[in-house]
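K.L.:
Sharing a structure below in structure tokens format, with a few things to ask.
Just so it is clear, none of the values below were taken in a lab; they were calculated from the coordinates. Please read these numbers as outputs of a predicted model, since none were measured by experiment. Using ideal geometry, Cβ is built from the backbone for each residue, glycine included, and neighbour counts are taken over all protein chains shown.
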Amino acid sequence: MEANKKIIENLNHLLAIANDGKEGYKNAAENADAAELKALFTTYSIQRAEFEMELKTTIREHGGDADNEKGGPLGALHRTWIDIKTVFTTNDNHAVIDAVITGEKAAVEAYDEVLSDENMGFDLRQMLIAQREDINECLKNVQNLEERYAHQK
């Protein structure tokens, strides 16, 4: 029972991360200047909404409460930081990309921490590994864009 409680706690943490990513990407899409970035960030926001649904289903299957719609407090701070930073940089694509990279690195670290738990079942581990790989792929894509937008203001 204690292992299940820890799994639920970990899944709720990842649910908050997924919500943070969903809202963060939505915010980034609104603050990006380039159409390419707006489209990409919107796609990633939708992807995080899908992660959210998978995590909620899994939390409920483990007997937990999956009613986190807002993300975590750190995510809210990060989204606020994106808002503040973009106000002062007038939709600077590079600033938005930097903020997204920060968020994605934090998400990968959170997944790595949860995946270090040896008490989760195979199916759950596979789902979380797939989500982590998708996040890492997003991170790589955004890092590749960073160079292109580094000198554009």
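K.L.:
Let me know the whole percent of all Cα-Cα pairs from the range 88-138 that are separated by more than 13 Å. Kindly include the intermediate steps, with their values, before the conclusion.
P.N.:
On the way: 791 of 1275 pairs.
That tail contains 62 percent of the Cα-Cα pairs.
K.L.:
Here's something else I'd like to know. Excluding same-chain residues fewer than 8 positions from Lys105, which aspartates and glutamates have a Cα within less than 15 Å of its Cα?
P.N.:
Hits, sequence-local ones excluded: Asp20, Glu113, Glu133, Asp134, Glu137, Glu146.
K.L.:
When Val100, Val142 are ordered from fewest to most other Cβ atoms inside 10 Å of their Cβ, what list results? Mind showing how you got there, number by number?
P.N.:
Values: Val100 29, Val142 23.
So the residues, fewest neighbours to most, are Val142, Val100.
K.L.:
If you take the beta carbon distance between Ala34 and Gln126 as r and set R0 to 41 Å, what does 1/(1 + (r/R0)^6) give as a FRET efficiency, to the nearest 0.05?
P.N.:
Using R0 = 41 Å, I get an efficiency of 0.70.
K.L.:
Right, here's the next one. Give me the distance in nm between label points sitting 7 Å out from Cα along the Cα-to-Cβ direction at Asn136 and Lys5, one decimal.
P.N.:
For Asn136 paired with Lys5, the spin-label model returns 3.2 nm.
K.L.:
For each of Leu139, Leu15, count neighbouring Cβ atoms within 10 Å of the residue's Cβ, then give the residues from fewest to most.
P.N.:
Leu139, Leu15
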